[in-house]
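Since the structure comes first, as structure tokens, the remarks are kept for the end.
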Amino acid sequence: MSVKTLEVSTIKTLNNIAESGLNVFEKEKYNLDDRSDNPDAIVVRSYNMHEMELNSNLKGIARAGAGVNNIPIDKCTEEGICVFNTPGANANAVKEIVLTSLIASSRNLFDGMAWVKTLEGEGENVSKLVESGKKQFVGKEIKGKTLGVIGLGAIGALVANDALDLDMEVIGYDPFISVDTAWNLSRNVHRAMTIEQLYSYADYITVHVPLTGDTKGMFNKESFSLMKPDVHILNFSRGGLVNEDDMAEALETGKVGKYITDFPNEKVLKMKNAIPIPHLGASTQESEENCAIMAARQLKEFLETGNVKNS
Ligand code: MLT
């Protein structure tokens, strides 16, 4: 059995797949014209596979991550290709960046740091000028504030539980929560019956849902109108969840105080108070290794026994 890696081919990924007994094509990039290897399976991270012609032998695709929006699911279903993801394997990495960004944005650290950099060339005056930053960048503590967590899967549940340890009030919303997640969720996480309830209480909102037809553009004029003024929104899920024109307007009016996003584009860069991050949510050595191990195990079991285990 052979497996091809798209851009996820870190040494660790390759080693994990190779150690699992599968033959790995050690190519850095998938060559769209070259179908001679005809692999049994492909491991992919962010590469957009929608335009890709799928080779005839292909039985499975493993996405080393949670979201599968870069994979043509309908086409795979039609052609009997099994698609896996690695739920939970990068949850800790995402949780850490969410909580870091939550505190950093609330304390104006990103803006303050960018401003200090502009003092380059001021020589002896730098230390004096730095003091004026104290007044410009007064922040807010998160203690006692309410964090709304939309989506209580592996990532959302971790964020919710750990935010309680930071002395926040936490309110979660998820219409599809699994029994396991519900069981692991602290009893101190309040559950909103409707997303509107969460919007009306939260000082900070973090979203952990996949991009689907139902969630596309869920942050829009209408949802912003239900939120508290100056709410901070963190998006480490997918850019498509946000209607960017409406977000730009909400940032302009101060309805949304800050928009922290792992999915910046040209529009986001122009937005006042947007904090752009280059899709670093899951980019830790540990998470890449966890995803690689899970993807390798799933594919090995599937290719050798036909069992489909998405965990
Ligand atoms: C995910 O969907 O889990 C992340 O986008 C993973 C990644 O950074 O590739």
Check your understanding: Here are some residues: Leu251, Leu269, Leu226. Which one is buried (at least 19 other Cβ atoms within 10 Å of the Cβ), not aromatic (Phe, Trp, Tyr) and not assigned by TED's automatic domain parsing to the domain that holds Gly65?
Key -> Leu251
Practice item. Would you mind finding the one in Leu211, Leu198 that is assigned by TED's automatic domain parsing to the domain that holds Ser101, over 24 Å from Asn108 (Cβ atoms) and crowded, with 22+ Cβ neighbours inside 10 Å? Key: Leu198
Review point. Any residue at all in region 50-72 that is in a helix (DSSP H, G or I) and β-branched (Val, Ile, Thr)?
Key: no
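Yes/no matrix, rows are residues, columns are (1) modelled with pLDDT of 95 or more; (2) surrounded by 22 or more Cβ atoms within 10 Å (Cβ to Cβ); (3) outside any helix (DSSP H, G or I):
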position: Ala93; (1), (2), (3): yes, yes, no
position: Val149; (1), (2), (3): yes, yes, yes
position: Ala157; (1), (2), (3): yes, yes, no
position: Ile177; (1), (2), (3): no, no, yes
position: Asp180; (1), (2), (3): no, no, no
Check your understanding: Do we have Glu301 as without any contact (Cβ under 8 Å) to a residue 12 or more places away in the chain, away from the ligand (no atom under 16 Å from the Cβ), surrounded by fewer than 19 Cβ atoms within 10 Å (Cβ to Cβ) and not assigned by TED's automatic domain parsing to the domain that holds Asp111 here?
Key -> yes
Exercise for review: Only residues that are within 16 Å of the ligand (Cβ to nearest atom) and either touching a strand residue (DSSP E or B) at 6+ places or on another chain (Cβ under 7 Å) or over 30 Å from Ser311 (Cα atoms) (or both): list them for region 87-137, please.
Suggested key: Val98, Ser101
Check your understanding: Taking the stated definitions as given, is Ser287 part of a helix (DSSP H, G or I), within 17 Å of Val94 (Cβ to Cβ) and small (Gly, Ala, Ser)?
Key -> yes
Study note, to complete from the structure: Reported set for region 199-220 where residues are hydroxyl-bearing (Ser, Thr, Tyr), within 16 Å of Asn243 (Cα to Cα) and out of contact with any Gly (no Cβ under 9 Å at 6 or more places or on another chain) is Thr212
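The values are calculated or read from the model by the stated rules, or taken from the named source; none is laboratory data. What you are looking at is a predicted structure, and each value in this text was computed from that prediction instead of being measured. Counting neighbours? That spans all protein chains shown, and the Cβs are built from the backbone with ideal geometry, glycine included.
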